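Contents: one structure, followed by commentary.
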Amino acid sequence: MGAGVAGCGILGMLGGVSGRDMDGVLGGRLEDLRGANLLRSLRRVDSWRGAEVVVAGRALLNFASNDYLGLAGDEAIREAAARGAMEEGAGSGASRLITGSLKAHHELEEALAAFKGTAAALCFSSGHAAALGALPALVGKEDVVILDKLAHACLVDAARLSGVRLRVFRHNDLEDLESKLRWADGLAPEGAGRPNVLVVTESVFSMDGDQAPLAELVALKERFGAWLMVDEAHATGLFGERGAGLIHHLGLASRVEVQMGTLGKALGTAGGFIAGSRALVDFLINRARSFVFSTAPPPGVAVAALAAVAKAQSAEGRALREALWSRVGRLRAGLAGLGRGIPAGAGISAIHPLILGEERAALRGAAALLEAGLLAPAIRFPTVARGSARIRLTLTAAHREEHVDLLLDGIGRVLAEAGDSACAAGGD
Ligand SMILES: *Cc1c(COP(=O)(O)O)cnc(C)c1O
């Protein structure tokens, strides 16, 4: 590749190649996105605290944060971040396998394993990096991954990167999953050469807020001798007596081979992790490329995350969860009153989609909410399927009852303005 680049440079200098101007090409693509109502841009947040964000000098109520327990702003956790930085440095100085494996990382991993009920855990610089590192380490092109249709982009990318034979099952559809497991089972006889089969899903889905039928999934994969990887990005910190997540809450910790999570959502800090057996973690230390070839996360972040894991499990953590579920109950009752109730089978979560259908309808709805001081951005293709553009509403323990009521007022107006057509586009 180096030689090719140098060759181009020389030819370019000789005037032998007429390249296309990159900014011109990209400008055209950006215009296409704009035309399709799919252009995204960054919104600068000048400050945020609790349920409030300040954007362009204007205070808005934030219904778009994944900081479900409000721990990102928690004073003790912010102090832990500062202490970690002061005592151990602003950075880690190297990858974990060189000299970056600091005390803070080991303490955090021990705490995560205890939290999740596993023998071991391994941290990555983000949940995204955990997926991209772990999945391709575990399975390769002779193997099979069977992925829920609504699984997060990082899981899709990780599966593609691994080069496996990839199958997608209909969202939360156990029959469809079973037919794919049966297909995989028929690929090779027992014994050597038999592919490993990994089922991949989320416990709480990031854009729909519904739960996977984990107990049934576990029973099914066990019948076929398959492995299961579950992303608990939106469940860690939230479910169970200690907030360990849905897997632990359902008593399935020893039966899910790969538990994945992020420290960046309910745990209020940053980073990702994989929890599971000692063999799994030892193997990932050797083979997960995003772990091996990346500088260790800053010690301040690890110390803060350790404090967050402790807080999530404390009486204070339980009180924060109770506050969150109480706001969620209020929002759900209000949404039901607006004809937008959450199906009972979906299970509880902090995420509530207001599906409006067309990209334009979702953009218009979000703009109307913004007008009213309510921040809840439109979620469009490719994050969600075409025709299911939505406003994704999240609640946190930092919201007060009157915040929920203001949101419901805003949603009522959006739905009235969107009219019947948008209301009819409730499903996909
Ligand atoms: C946010 C998210 C991730 C990525 O985690 P980060 O720590 O933000 O990189 C992975 N999976 C799901 C389902 C997520 O929502």
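The values are calculated or read from the model by the stated rules, or taken from the named source; none is laboratory data. Since we're looking at a predicted model, the values are computed, not measured. Here the Cβ positions follow ideal geometry from the backbone for every residue, glycine too, while neighbour counts run over all protein chains shown. With ligands, DNA and RNA removed, areas are computed over all heavy atoms of the protein, side chains included. Shrake-Rupley method; radii C 1.70, N 1.55, O 1.52, S 1.80 Å.
So here's what we get for this one:
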item: Single condition A398 does not satisfy, out of (1) buried (at least 23 other Cβ atoms within 10 Å of the Cβ); (2) farther than 24 Å from F115 by Cα; (3) in contact (Cβ under 8 Å) with a residue 24 or more places away in the chain; (4) touching a Lys or Arg at 6+ places or on another chain (Cβ under 9 Å); result: (2)
item: Residues being among the charged types (D, E, K, R) and buried (at least 18 other Cβ atoms within 10 Å of the Cβ) - total across segment 344-363; result: 2
item: Subset of segment 136-156 that is assigned to a helix (DSSP H, G or I) and within 15 Å of the chain's Cα centre (by Cα) - its residue that is farthest from the ligand (Cβ to nearest atom); result: V156
item: All positions within segment 245-294 that are assigned to a helix (DSSP H, G or I), within 13 Å of the ligand (Cβ to nearest atom) and either among the hydroxyl-bearing types (S, T, Y) or in contact (Cβ under 8 Å) with a residue 60 or more places away in the chain (or both); result: S290
item: Selected residue [out of contact with any Phe, Trp or Tyr (no Cβ under 9 Å at 6 or more places or on another chain) and at pLDDT below 95] from E79, E110, E142, E75; result: E142
item: Long-range neighbours under 8 Å by Cβ, at least six apart or interchain, first residue closer than 21 Å to L102 by Cβ within segment 65-90, second in a loop (DSSP other than H, G, I, E, B); result: I77/G268; I77/T269; A81/T269; G84/P298; A85/P298; E88/L102; G89/P298; A90/P298
item: Residue list for segment 145-156, restricted to those being surrounded by fewer than 22 Cβ atoms within 10 Å (Cβ to Cβ) and more than 20 Å from R289 (Cα to Cα); result: K149, L150
item: Of all residues making up segment 364-395, the number that are of a type outside the set (G, A, S), under 21 Å from C154 (Cβ atoms) and open to solvent by less than 50 Å² (accessible area, probe 1.4 Å); result: 7
item: Residue within segment 157-170 that is open to solvent by 60 Å² or more (accessible area, probe 1.4 Å), in a loop (DSSP other than H, G, I, E, B) and more than 16 Å from the ligand (Cβ to nearest atom) present; result: yes
item: Residues that are surrounded by fewer than 24 Cβ atoms within 10 Å (Cβ to Cβ) and within 21 Å of the chain's Cα centre (by Cα), drawn from segment 285-297; result: R289, S290, S294
item: Single residue of segment 67-99 satisfying the filter (of a type in the set (K, R) and surrounded by fewer than 21 Cβ atoms within 10 Å (Cβ to Cβ)) that is farthest from I351 (Cα to Cα); result: R83
item: Contacts under 7 angstrom Cβ, first residue in segment 119-148 being among the β-branched types (V, I, T), partner within 14 Å of the ligand (Cβ to nearest atom), 6 or more apart; result: V145/A159; V145/V200
item: Given (1) within 16 Å of the ligand (Cβ to nearest atom); (2) buried (at least 24 other Cβ atoms within 10 Å of the Cβ); (3) among the aliphatic types (A, V, I, L, M), index of the condition L132 fails; result: (2)
item: Residues within segment 201-244 that are away from the ligand (no atom under 16 Å from the Cβ) and not in a helix (DSSP H, G or I), tallied; result: 10
item: Pick from segment 319-339, criterion under 29 Å from G84 (Cα atoms) and in contact with a helix residue (DSSP H, G or I) (Cβ under 9 Å, 6 or more places away or on another chain), ranking: most open to solvent (accessible area, probe 1.4 Å); result: L320
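Condition check ((1) under 30 Å from I355 (Cα atoms); (2) at pLDDT 95 or above) across all residues:
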{"residue": "D185", "(1), (2)": "no, no"}
{"residue": "P189", "(1), (2)": "no, no"}
{"residue": "A212", "(1), (2)": "yes, yes"}
{"residue": "L220", "(1), (2)": "no, yes"}
{"residue": "R223", "(1), (2)": "no, yes"}
{"residue": "A233", "(1), (2)": "yes, yes"}
{"residue": "G243", "(1), (2)": "yes, yes"}
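The rows are residues; the columns are (1) surrounded by 14 or more Cβ atoms within 10 Å (Cβ to Cβ); (2) touching a residue at least 12 places away in the same chain (Cβ under 8 Å).
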site: D176; (1), (2): yes, no
site: W183; (1), (2): yes, yes
site: A188; (1), (2): no, no
site: P195; (1), (2): yes, yes
site: V199; (1), (2): yes, yes
site: D208; (1), (2): yes, yes
site: L217; (1), (2): yes, yes
site: E222; (1), (2): no, yes
site: G225; (1), (2): no, yes
